[in-house]
Amino acid sequence: MQQGEIEIQDFGQDHIEGAVALSRQENWPHRAQDWQMALQLSRGAVALDDQGRVTGTILVTPYGADCAMINMVIVDRNVRGKGLGRRLMDEAIALAGDRPLRLVATADGMPLYEKLGFVPSATILQHQGTVAALDVPEGVEAAGAGDLAEIKVLDRDAYGADREALIDALAERGQFAVIRRNGAIEAYAAIRPFGRGEVIGPVIAGSARAAKDLISFFAAPRARAFLRVDTDSRTGIAGWLEEIGLAHVGGGVAMDRPPKPAAEQARPKVYALANQALG
(Lines give C-alpha, C1' and ligand atoms only; values in the text may rest on other atoms or scores of the structure.)
Protein backbone atom coordinates (compact mmCIF):
# COMPACT_ATOMS: atom_id res chain seq x y z
CA MET A 1 0.00 0.00 0.00
CA GLN A 2 1.38 3.41 -0.97
CA GLN A 3 1.70 6.29 1.46
CA GLY A 4 -1.63 8.00 2.08
CA GLU A 5 -3.73 5.12 0.76
CA ILE A 6 -6.65 3.67 2.73
CA GLU A 7 -7.28 -0.08 2.60
CA ILE A 8 -10.61 -1.75 3.43
CA GLN A 9 -10.45 -5.08 5.27
CA ASP A 10 -12.89 -7.42 6.99
CA PHE A 11 -13.44 -6.37 10.61
CA GLY A 12 -11.74 -8.84 12.97
CA GLN A 13 -10.93 -9.18 16.65
CA ASP A 14 -7.49 -7.67 16.06
CA HIS A 15 -9.16 -4.40 15.06
CA ILE A 16 -11.02 -3.92 18.37
CA GLU A 17 -8.30 -1.84 20.03
CA GLY A 18 -8.15 0.56 17.09
CA ALA A 19 -11.95 0.75 16.94
CA VAL A 20 -12.11 1.70 20.62
CA ALA A 21 -9.58 4.48 20.04
CA LEU A 22 -11.60 5.75 17.07
CA SER A 23 -14.88 5.74 18.99
CA ARG A 24 -13.26 7.60 21.89
CA GLN A 25 -12.17 10.27 19.42
CA GLU A 26 -15.90 10.81 18.77
CA ASN A 27 -16.69 10.78 22.52
CA TRP A 28 -18.64 7.53 22.17
CA PRO A 29 -18.76 5.55 25.44
CA HIS A 30 -18.11 2.10 23.95
CA ARG A 31 -15.65 -0.13 25.81
CA ALA A 32 -13.76 -2.99 24.20
CA GLN A 33 -16.42 -5.33 25.59
CA ASP A 34 -19.16 -3.33 23.84
CA TRP A 35 -17.34 -3.53 20.52
CA GLN A 36 -16.82 -7.26 21.05
CA MET A 37 -20.53 -7.82 21.58
CA ALA A 38 -21.36 -5.83 18.46
CA LEU A 39 -18.81 -7.80 16.43
CA GLN A 40 -20.11 -11.11 17.82
CA LEU A 41 -23.50 -10.31 16.30
CA SER A 42 -22.23 -8.75 13.08
CA ARG A 43 -19.96 -8.74 10.09
CA GLY A 44 -18.18 -5.58 9.10
CA ALA A 45 -15.31 -3.69 7.55
CA VAL A 46 -12.49 -1.46 8.75
CA ALA A 47 -10.46 1.16 6.93
CA LEU A 48 -6.71 1.08 7.62
CA ASP A 49 -4.20 3.77 6.74
CA ASP A 50 -0.68 3.06 5.48
CA GLN A 51 0.51 2.71 9.09
CA GLY A 52 -2.14 0.08 9.87
CA ARG A 53 -4.22 2.45 12.01
CA VAL A 54 -8.00 2.05 12.05
CA THR A 55 -9.46 5.12 10.34
CA GLY A 56 -13.00 3.88 9.71
CA THR A 57 -15.42 1.22 10.90
CA ILE A 58 -18.80 -0.18 9.96
CA LEU A 59 -20.79 -3.20 11.15
CA VAL A 60 -23.82 -4.98 9.71
CA THR A 61 -25.98 -6.89 12.19
CA PRO A 62 -28.31 -9.32 10.40
CA TYR A 63 -31.63 -10.24 12.00
CA GLY A 64 -32.26 -13.53 10.25
CA ALA A 65 -33.32 -12.92 6.67
CA ASP A 66 -35.75 -10.19 7.77
CA CYS A 67 -33.46 -7.14 7.82
CA ALA A 68 -30.00 -5.93 8.80
CA MET A 69 -28.93 -3.05 11.04
CA ILE A 70 -25.96 -0.92 9.96
CA ASN A 71 -24.14 0.44 13.00
CA MET A 72 -20.80 1.57 14.43
CA VAL A 73 -20.23 3.84 11.40
CA ILE A 74 -17.21 6.01 12.17
CA VAL A 75 -14.73 7.82 9.92
CA ASP A 76 -11.63 9.41 11.44
CA ARG A 77 -12.11 13.18 11.33
CA ASN A 78 -8.65 13.55 9.75
CA VAL A 79 -9.67 11.65 6.60
CA ARG A 80 -13.23 12.86 6.14
CA GLY A 81 -14.33 14.37 2.86
CA LYS A 82 -12.43 11.80 0.78
CA GLY A 83 -15.25 9.34 0.08
CA LEU A 84 -14.34 6.86 2.82
CA GLY A 85 -17.84 6.89 4.31
CA ARG A 86 -19.28 5.93 0.93
CA ARG A 87 -16.74 3.11 0.55
CA LEU A 88 -17.66 1.71 3.95
CA MET A 89 -21.38 1.95 3.20
CA ASP A 90 -20.86 0.12 -0.09
CA GLU A 91 -19.14 -2.66 1.87
CA ALA A 92 -22.01 -2.80 4.36
CA ILE A 93 -24.68 -2.94 1.67
CA ALA A 94 -22.83 -5.81 0.01
CA LEU A 95 -22.57 -7.69 3.32
CA ALA A 96 -26.31 -7.29 3.94
CA GLY A 97 -27.21 -8.98 0.66
CA ASP A 98 -30.91 -8.72 -0.18
CA ARG A 99 -32.02 -7.78 3.34
CA PRO A 100 -33.87 -4.52 3.98
CA LEU A 101 -31.57 -2.13 5.84
CA ARG A 102 -32.02 -0.03 8.97
CA LEU A 103 -29.70 2.46 10.67
CA VAL A 104 -29.71 5.42 13.04
CA ALA A 105 -28.19 8.49 11.39
CA THR A 106 -26.39 11.48 12.80
CA ALA A 107 -26.89 14.84 11.13
CA ASP A 108 -23.46 14.49 9.47
CA GLY A 109 -24.32 11.11 7.99
CA MET A 110 -27.83 11.81 6.72
CA PRO A 111 -26.90 13.35 3.32
CA LEU A 112 -24.93 10.23 2.35
CA TYR A 113 -27.63 7.86 3.57
CA GLU A 114 -30.30 9.76 1.65
CA LYS A 115 -28.21 9.50 -1.53
CA LEU A 116 -28.08 5.74 -0.96
CA GLY A 117 -31.88 5.50 -0.75
CA PHE A 118 -32.46 5.55 3.01
CA VAL A 119 -35.64 7.29 4.18
CA PRO A 120 -36.29 8.73 7.69
CA SER A 121 -38.83 6.79 9.74
CA ALA A 122 -38.47 7.99 13.36
CA THR A 123 -36.53 10.23 15.73
CA ILE A 124 -34.39 8.44 18.33
CA LEU A 125 -33.75 10.14 21.68
CA GLN A 126 -30.77 9.16 23.82
CA HIS A 127 -31.28 9.61 27.57
CA GLN A 128 -28.68 8.98 30.23
CA GLY A 129 -27.58 10.08 33.67
CA THR A 130 -27.63 9.27 37.35
CA VAL A 131 -31.02 7.75 38.04
CA ALA A 132 -33.20 8.96 40.90
CA ALA A 133 -34.46 6.77 43.72
CA LEU A 134 -37.56 4.91 42.53
CA ASP A 135 -40.03 2.49 44.07
CA VAL A 136 -40.04 -1.10 42.87
CA PRO A 137 -43.14 -1.47 40.66
CA GLU A 138 -45.68 -4.20 41.22
CA GLY A 139 -46.33 -6.79 38.56
CA VAL A 140 -42.79 -7.00 37.18
CA GLU A 141 -40.49 -9.94 37.85
CA ALA A 142 -37.04 -11.15 36.90
CA ALA A 143 -37.06 -13.53 33.96
CA GLY A 144 -35.45 -16.95 34.02
CA ALA A 145 -33.64 -18.94 31.36
CA GLY A 146 -36.87 -20.78 30.65
CA ASP A 147 -38.51 -17.51 29.56
CA LEU A 148 -36.12 -16.77 26.69
CA ALA A 149 -38.07 -18.70 24.05
CA GLU A 150 -41.26 -16.76 24.83
CA ILE A 151 -39.32 -13.47 24.95
CA LYS A 152 -37.95 -14.18 21.46
CA VAL A 153 -41.44 -14.72 20.06
CA LEU A 154 -42.70 -11.49 21.65
CA ASP A 155 -39.67 -9.56 20.39
CA ARG A 156 -40.08 -10.76 16.82
CA ASP A 157 -43.74 -9.78 16.80
CA ALA A 158 -42.93 -6.27 18.06
CA TYR A 159 -39.72 -5.58 16.13
CA GLY A 160 -40.69 -7.38 12.95
CA ALA A 161 -37.45 -9.34 12.63
CA ASP A 162 -35.65 -12.35 14.07
CA ARG A 163 -33.38 -11.07 16.86
CA GLU A 164 -32.74 -14.41 18.58
CA ALA A 165 -28.96 -13.97 18.45
CA LEU A 166 -29.23 -10.53 20.05
CA ILE A 167 -31.41 -11.85 22.87
CA ASP A 168 -28.97 -14.72 23.50
CA ALA A 169 -26.10 -12.22 23.66
CA LEU A 170 -28.03 -10.04 26.11
CA ALA A 171 -28.76 -13.11 28.26
CA GLU A 172 -25.02 -13.89 28.39
CA ARG A 173 -24.21 -10.41 29.68
CA GLY A 174 -27.25 -9.03 31.48
CA GLN A 175 -30.69 -9.62 32.91
CA PHE A 176 -34.28 -9.71 31.68
CA ALA A 177 -37.51 -8.63 33.39
CA VAL A 178 -41.04 -9.52 32.32
CA ILE A 179 -44.68 -8.65 32.90
CA ARG A 180 -47.08 -11.57 32.71
CA ARG A 181 -50.81 -11.72 32.12
CA ASN A 182 -52.60 -14.99 32.82
CA GLY A 183 -49.24 -16.73 32.90
CA ALA A 184 -48.08 -15.45 29.50
CA ILE A 185 -45.34 -12.84 28.98
CA GLU A 186 -46.85 -9.67 27.53
CA ALA A 187 -43.88 -7.29 27.98
CA TYR A 188 -40.16 -7.54 28.63
CA ALA A 189 -36.99 -5.50 29.08
CA ALA A 190 -33.26 -6.17 29.28
CA ILE A 191 -30.32 -4.49 31.00
CA ARG A 192 -26.59 -5.01 30.49
CA PRO A 193 -23.26 -3.32 31.24
CA PHE A 194 -22.39 -0.65 28.67
CA GLY A 195 -20.12 2.35 28.47
CA ARG A 196 -20.10 4.37 31.70
CA GLY A 197 -22.66 2.18 33.44
CA GLU A 198 -25.55 0.10 32.14
CA VAL A 199 -28.06 0.39 29.29
CA ILE A 200 -31.72 -0.63 29.45
CA GLY A 201 -33.05 -1.98 26.17
CA PRO A 202 -34.84 -3.42 24.40
CA VAL A 203 -38.08 -2.61 26.17
CA ILE A 204 -41.03 -4.25 24.44
CA ALA A 205 -44.41 -3.28 25.90
CA GLY A 206 -47.99 -2.63 24.94
CA SER A 207 -48.25 0.69 26.80
CA ALA A 208 -46.14 3.52 28.18
CA ARG A 209 -47.16 2.47 31.68
CA ALA A 210 -45.80 -1.02 31.20
CA ALA A 211 -42.59 0.37 29.68
CA LYS A 212 -42.08 2.68 32.67
CA ASP A 213 -42.67 -0.20 35.09
CA LEU A 214 -40.06 -2.35 33.34
CA ILE A 215 -37.50 0.47 33.37
CA SER A 216 -38.31 1.22 37.02
CA PHE A 217 -37.79 -2.44 37.93
CA PHE A 218 -34.17 -2.17 36.86
CA ALA A 219 -33.65 1.41 38.06
CA ALA A 220 -35.08 0.98 41.58
CA PRO A 221 -32.15 -1.04 43.00
CA ARG A 222 -29.68 1.20 41.15
CA ALA A 223 -30.40 4.62 42.69
CA ARG A 224 -27.66 7.11 41.74
CA ALA A 225 -26.17 4.66 39.23
CA PHE A 226 -25.44 5.70 35.64
CA LEU A 227 -28.06 4.39 33.20
CA ARG A 228 -28.81 4.90 29.51
CA VAL A 229 -32.09 4.44 27.65
CA ASP A 230 -32.62 5.11 23.93
CA THR A 231 -36.23 5.60 22.91
CA ASP A 232 -38.35 6.51 19.89
CA SER A 233 -39.80 10.02 20.27
CA ARG A 234 -43.29 8.63 19.58
CA THR A 235 -43.34 6.47 22.70
CA GLY A 236 -44.20 9.40 24.98
CA ILE A 237 -41.79 8.40 27.77
CA ALA A 238 -39.02 10.96 27.12
CA GLY A 239 -40.39 13.47 29.64
CA TRP A 240 -40.61 10.80 32.33
CA LEU A 241 -37.03 9.68 31.64
CA GLU A 242 -35.88 13.24 32.28
CA GLU A 243 -37.92 13.35 35.49
CA ILE A 244 -36.06 10.30 36.85
CA GLY A 245 -32.65 11.80 36.09
CA LEU A 246 -31.94 10.54 32.57
CA ALA A 247 -31.31 13.71 30.58
CA HIS A 248 -31.79 13.98 26.84
CA VAL A 249 -28.23 14.12 25.54
CA GLY A 250 -28.58 13.41 21.83
CA GLY A 251 -29.90 10.80 19.47
CA GLY A 252 -30.41 10.46 15.75
CA VAL A 253 -32.83 9.68 12.96
CA ALA A 254 -33.93 6.11 12.26
CA MET A 255 -33.73 5.42 8.53
CA ASP A 256 -34.80 2.50 6.36
CA ARG A 257 -34.02 1.17 2.89
CA PRO A 258 -36.46 0.47 1.36
CA PRO A 259 -38.94 2.65 3.31
CA LYS A 260 -41.23 0.84 5.73
CA PRO A 261 -44.92 0.69 4.79
CA ALA A 262 -46.94 3.39 6.54
CA ALA A 263 -48.72 0.78 8.68
CA GLU A 264 -45.38 -0.23 10.22
CA GLN A 265 -44.57 3.36 11.19
CA ALA A 266 -47.43 3.66 13.70
CA ARG A 267 -46.73 4.14 17.41
CA PRO A 268 -44.22 1.40 18.23
CA LYS A 269 -44.31 -1.39 20.80
CA VAL A 270 -40.55 -0.94 21.13
CA TYR A 271 -40.10 1.59 23.94
CA ALA A 272 -36.32 1.35 24.24
CA LEU A 273 -33.78 0.21 21.71
CA ALA A 274 -30.91 -2.23 21.86
CA ASN A 275 -29.58 -1.24 18.45
CA GLN A 276 -28.56 2.33 19.21
CA ALA A 277 -26.46 1.09 22.11
CA LEU A 278 -24.64 -1.21 19.73
CA GLY A 279 -23.74 1.94 17.89
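The values are calculated or read from the model by the stated rules, or taken from the named source; none is laboratory data. Please read all numbers here as calculations on a predicted model, not as lab measurements. All Cβ positions, even for glycine, are placed from backbone atoms using ideal geometry, and neighbour counts span all protein chains on display. Areas reflect the complete protein model, heavy atoms only, side chains present, ligands, DNA and RNA absent. Shrake-Rupley method; radii C 1.70, N 1.55, O 1.52, S 1.80 Å.
Structure values in brief
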{"quantity": "Area projected by the alpha carbon convex hull of the stretch 4-94, averaged over all directions, nm²", "calculated": "5.6"}
{"quantity": "Crossing angle, helix 16-25 versus the chain [Cα axis fit, 0-90 degrees, rounded to tens]", "calculated": "80"}
{"quantity": "Rel. contact order, % - alpha carbon contacts under 8 angstrom, at least six apart, the stretch 46-158", "calculated": "18"}
{"quantity": "Translational diffusion of the chain, µm² s⁻¹ [Kirkwood Rh, Cα pairs; Stokes-Einstein; 20 °C; 1.002 mPa s]", "calculated": "111"}
{"quantity": "Kirkwood-based shape ratio for the stretch 1-51, expressed as Rg/Rh from alpha carbons", "calculated": "1.00"}
{"quantity": "In Hz, Karplus ³J(HN,Hα) per residue of the stretch 269-274 (6.51, -1.76, 1.60; θ = phi - 60°; x = Gly, Pro)", "calculated": "8, 8, 8, 8, 9, 9"}
{"quantity": "Size of charge dipole - the chain - debye, nearest 20, with Cβ of Lys, Arg +1 and Asp, Glu -1, no other charges", "calculated": "520"}
{"quantity": "Proportion of all alpha-carbon pairs of the stretch 119-185 beyond 15 Å (%)", "calculated": "67"}
{"quantity": "Mean separation of Cα contacts under 8 Å (6+ apart) over length of the stretch 123-279, as relative contact order %", "calculated": "37"}
{"quantity": "Scattering curve values for the stretch 51-93, log₁₀ I(q)/I(0), Debye with Cα scatterers, q = 0.17, 0.25, 0.28, 0.32 Å⁻¹", "calculated": "-0.50, -0.87, -0.99, -1.15"}
{"quantity": "In order through the stretch 120-129: 3J(HN,Hα) via Karplus (6.51 cos²θ - 1.76 cosθ + 1.60), integer Hz, x for Gly, Pro", "calculated": "x, 10, 6, 9, 9, 10, 9, 10, 7, x"}
{"quantity": "Reachable lysines from LYS260, criterion Cα separation under 28 angstrom, eight or more residues apart if same chain", "calculated": "LYS115, LYS152, LYS212, LYS269"}
{"quantity": "Residues with amide H under 5 Å from that of TYR271, placed H, sequence gap 5 or more", "calculated": "VAL203, ILE204, ALA205"}
{"quantity": "The stretch 115-234: C-alpha pair distances exceeding 17 Å, %", "calculated": "58"}
{"quantity": "Amide H contacts of CYS67 (H built 1.01 Å from N, under 5 Å, at least 5 apart or other chain)", "calculated": "ASP162"}
{"quantity": "Karplus-derived HN-Hα couplings along the stretch 41-57 (A = 6.51, B = -1.76, C = 1.60, θ = phi - 60°), whole Hz, x at Gly and Pro", "calculated": "8, 9, 10, x, 9, 10, 9, 10, 7, 6, 9, x, 7, 6, 10, x, 9"}
{"quantity": "Computed P(r) (all Cα pairs; the stretch 66-166; 5 Å bins; percent)", "calculated": "2, 9, 15, 16, 15, 15, 11, 8, 6, 3, 1"}
{"quantity": "Accessible carbon and sulfur surface of the stretch 1-85 relative to its total accessible area, %, 1.4 Å", "calculated": "41"}
{"quantity": "On Cα atoms only, tilt of 148-159 relative to the major axis of the chain in degrees", "calculated": "70"}
{"quantity": "Neighbour net charge for ALA149 - beta-carbon separation under 12 angstrom, K R +1, D E -1", "calculated": "-3"}
{"quantity": "Amide hydrogen neighbours beyond the local backbone of ALA105, cut-off 5 Å, H modeled", "calculated": "VAL253, ALA254, MET255"}
{"quantity": "The chain: relative contact order as a whole-number percent, Cα under 8 Å and 6+ apart", "calculated": "23"}
{"quantity": "For the chain, the longest site-free run once GluC sites (Glu not before Pro) in DSSP loop states with at most 14 other Cβ atoms within 10 Å are removed", "calculated": "139-279"}
{"quantity": "On Cα atoms only, tilt of 164-173 relative to the major axis of the chain in degrees", "calculated": "80"}
{"quantity": "Surface share of carbon and sulfur [accessible, 1.4 angstrom probe, percent] for the stretch 92-149", "calculated": "52"}
